[in-house]
Amino acid sequence: MENLKAMLAKDAMVSTLKTANERSTMSDINDILLDYNIHHVPVVGESGELKGMISKHDIDLLKLNTGKFGQESLYAKQKRILDTQLARDVMTTKMVTVSPDSPIMEVVEIFQKNRVHALPVIDNGNLVGIITPYDLIRIAYT
């Protein structure tokens, strides 16, 4: 294992990403999260530029705020909400990002300071990867 402090974001990032676009439904994004066992789906534009981020937590909040019990089945109401809400209406747009050449220690500091759970990696304006604390743990112990 090389010296972790000398590593760069590109050494830890995951570059095979599952993404959505701004018109993706929350149902589609929920399916991606479940099918690939991930917690964050970047929302990208046609050119690959990062537009926003949807987290599992965002979807859980949508499901939680479905209204009063008893009006219609909770599952049906949750499904209707997820089918009609679009990524552009739910995504977080103010994100902290890093470049592929950002030092890992800078990445760690950003996680600690901002209390975020995913950092998009941007190169020339386009999304090229994502880093989560799980990625840092993975590289530290492999």
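Where a number appears in this text, it was derived from the coordinates with a stated rule and is not lab data. What you see is a predicted model; the values in this text were computed from it and never measured. All Cβ positions, glycine included, derive from the backbone under ideal geometry; neighbour counts span all protein chains shown.
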Working only within the stretch 1-49, note down all residues that are in contact with a Gly (Cβ under 8 Å, 6 or more places away or on another chain), outside any loop (DSSP other than H, G, I, E, B) and surrounded by 14 or more Cβ atoms within 10 Å (Cβ to Cβ).
Ala9, Lys10, Val14, Pro42, Val43
Answer yes if at least one residue in the stretch 84-105 is touching a Leu at 6+ places or on another chain (Cβ under 9 Å), more than 26 Å from Asp31 (Cα to Cα) and assigned to a helix (DSSP H, G or I), and no otherwise.
yes
Counting only residues in the stretch 104-118 that are touching a residue at least 60 places away in the same chain (Cβ under 8 Å) and aliphatic (A, V, I, L, M), the one surrounded by the fewest Cβ atoms within 10 Å (Cβ to Cβ) is identified as Met105
I'd like to verify a number: residues in the stretch 1-40 that are within 14 Å of Gly129 (Cα to Cα), in contact (Cβ under 8 Å) with a residue 24 or more places away in the chain and among the polar types (S, T, N, Q), how many?
2
Any chance the stretch 91-102 includes a residue that's in contact with a helix residue (DSSP H, G or I) (Cβ under 7 Å, 6 or more places away or on another chain), closer than 19 Å to Arg23 by Cα and charged (D, E, K, R)?
no
Please pick out the residue among Ile130, Ile81 that is within 19 Å of Ile29 (Cβ to Cβ), among the aliphatic types (A, V, I, L, M) and assigned to a helix (DSSP H, G or I).
Ile81
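Return the residues of the stretch 119-142 that are of a type in the set (S, T, N, Q) and either surrounded by 13 or more Cβ atoms within 10 Å (Cβ to Cβ) or within 15 Å of Glu109 (Cα to Cα) (or both); say none if nothing qualifies.
Pass one, the stretch 119-142, residues of a type in the set (S, T, N, Q): 124, 126, 132, 142.
Answer for the stretch 119-142, where residues must be of a type in the set (S, T, N, Q) and either surrounded by 13 or more Cβ atoms within 10 Å (Cβ to Cβ) or within 15 Å of Glu109 (Cα to Cα) (or both): Asn126, Thr132.
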From the list Ser47, Ser73, Ser24, which residue is under 22 Å from Asn126 (Cβ atoms), hydroxyl-bearing (Ser, Thr, Tyr) and out of contact with any helix residue (DSSP H, G or I) (no Cβ under 7 Å at 6 or more places or on another chain)?
Ser47
